[in-house]
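Below is one structure, written out as structure tokens; comments come after it.
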Amino acid sequence: GAGVSQSPRYKVAKRGQDVALRCDPISGHVSLFWYQQALGQGPEFLTYFQNEAQLDKSGLPSDRFFAERPEGSVSTLKIQRTQQEDSAVYLCASSWDRDNQPQHFGDGTRLSIL
Amino acid sequence: SQKIEQNSEALNIQEGKTATLTCNYTNYSPAYLQWYRQDPGRGPVFLLLIRENEKEKRKERLKVTFDTTLKQSLFHITASQPADSATYLCATHTGTASKLTFGTGTRLQVTL
């Protein structure tokens with residue numbers, strides 16, 4: 001498809017388990033972003049890649065959160081030893097690496113930690 | 001720290017009227033301001049971008065203003081339709097391909 005694709009759409013895990021969320025950006029988009037969206041809130045920035053380089057990870061809430069984009073296309077957000085407060089929608093967005101460009105979002109992964 | 005405020009209360013208007021949503025920011029001067037639409041269970045969809053040196057931008061029934069003195073953006077939907085019902089998010093960023101800082105969003109409900 002032409003849009004940003006995220007999988008799975010829904011993920012339920014028990015507290016303490018590790019999870020991996022996948023993002024397939026729009027082909028050719030250099031920039032890739034991960035956001036976390038709590039219910040009733042706007043998305044909050046987690047991390048940013050330019051190609052395979054992770055240029056900003058200032059929004060990652062703890063060292064349990066890890067993201068990678070090894071070949072500059074598909075990205076994975078991993079959360080280790082999940083906690084209940086990790087329950088949220090995780091959104092991925094991509095854009096051209098040029099001025100004045102909007103971000104294109106996927107429909108997110110809804111993560112529920114029991 | 002950077003802060004963006006949007007009216008968290010839902011805005012209910014009648015079909016055909018103009019909806020006006022407000023976005024206020026504090027503690028910084030963004031280079032760009034964007035508006036996104038988000039439907040339940042979906043990701044945000046880009047609508048309009050306005051630069052700090054632009055006062056107004058239009059696209060079909062949409063209009064955005066950007067007042068850097070007041071630190072405020074207004075988002076207008078003219079001749080509103082029930083299909084315009086959604087949450088509208090204001091977001092700012094400081095430069096090329098940088099992260100977006102979002103407001104909490106305002107839910108718009110257009111009734112017949």
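Values in this text are rule-based calculations from the coordinates and carry no lab data. Note that the structure is a prediction, hence the values are computed from the model and not measured. Here the Cβ positions follow ideal geometry from the backbone for every residue, glycine too, while neighbour counts run over all protein chains shown.
Lys/Arg Cβ at +1, Asp/Glu Cβ at -1, dipole of chain A taken about the Cα centre: which of A:Phe105, A:Val30, A:Gly40 is farthest positive-ward?
Working it through, the farthest residue towards the positive pole turns out to be A:Gly40.
Evaluate E = 1/(1 + (r/R0)^6) for A:Asp63 and A:Arg15, where r is the Cβ-Cβ distance and R0 equals 25 Å; express this FRET efficiency to the nearest 0.05. Don't jump to the answer; show the numbers that get you there.
Numbers: r = 17 Å, r/R0 = 0.69.
In this case the efficiency is close to 0.90.
Apply the Karplus curve 6.51 cos²θ - 1.76 cosθ + 1.60, θ = phi - 60°, to the phi angles in region A:2-14 and return the couplings in whole Hz, x for Gly and Pro.
Here the 3J(HN,Hα) series is 8, x, 6, 10, 10, 8, x, 6, 9, 9, 10, 9, 7 Hz.
For a label point 7 angstrom out from the Cα of A:Asp56 toward its Cβ, which stretches of region B:64-88 have the backbone nitrogen within less than 14 Å?
So the set is empty, nothing qualifies.
When each pair of different Cα atoms in region A:33-114 is counted once in the 1/r mean, what is the Kirkwood radius in angstroms, to one decimal? Mind showing how you got there, number by number?
Working: mean 1/r = 0.0750 Å⁻¹.
It works out to 13.3 Å.
Counting other Cβ atoms within 10 Å, keep those with at most 16, restrict to DSSP loop, and tell me which GluC sites (Glu not before Pro) in region B:40-85 are left.
Working: sites: B:Glu52, B:Glu54, B:Glu56, B:Glu60; in loops: B:Glu52, B:Glu54, B:Glu60.
The qualifying sites are B:Glu52, B:Glu54, B:Glu60.
Based on the Kirkwood radius over alpha-carbon pairs, what value in µm²/s does the Stokes-Einstein equation return for the translational diffusion coefficient of the protein assembly as shown at 37 °C and 0.692 mPa s?
Calculated translational D: 182 µm²/s.
Would you pull out the residues with amide H under 5 Å of A:Gly108's amide H, same chain only if 5 or more places away, H placed 1.01 Å from N?
A:Gln6, A:Cys92
Could I have the simple spin-label model distance between B:Tyr28 and B:Ala83, label points 7 Å from Cα toward Cβ, reported in nm to one decimal?
3.6
For the pair A:Ser7/B:Thr111, report the inter-label distance in nm, with labels modelled 7 Å from Cα in the Cβ direction.
4.3
Pull up the cross-link candidates among the aspartates and glutamates for A:Lys14, meaning alpha carbon to alpha carbon under 14 Å and not fewer than 8 places away within one chain.
Cross-link targets: A:Glu85, A:Asp86.
Multiplying the sequence separation of B:Thr69 and B:Leu11 by 0.36 nm and subtracting their Cα-Cα distance, what value in nm do you get?
Details: separation 58, 0.36 × 58 = 20.88 nm, distance 2.55 nm.
In short, 18.3 nm is gained.
So how strong a dipole does chain B carry about its Cα centre when Lys and Arg Cβ are +1 and Asp and Glu Cβ are -1, to the nearest 20 debye?
Details: 14 positive and 10 negative charges, 38 e Å.
Value, rounded to 20: 180 debye.
Taking Rh as the Kirkwood radius computed over C-alpha pairs, what is the Stokes-Einstein D of region B:5-82 at 10 °C in a medium of viscosity 1.306 mPa s, expressed in µm² per second?
Using the Kirkwood radius from Cα pairs, D works out to 118 µm²/s.
What are the ³J(HN,Hα) couplings of region B:63-75, residue after residue, when phi is run through the Karplus curve with 6.51, -1.76, 1.60 and θ = phi - 60°? Round to Hz, x for glycine and proline.
Values, residue by residue: 9, 10, 10, 9, 10, 6, 6, 7, 6, 8, 10, 10, 10 Hz.
What's the extension gain from A:Thr76 to A:Ser27 if we count 0.36 nm per residue and subtract their Cα-Cα distance?
Taking A:Thr76 through A:Ser27 to full extension adds about 16.0 nm, to one decimal.
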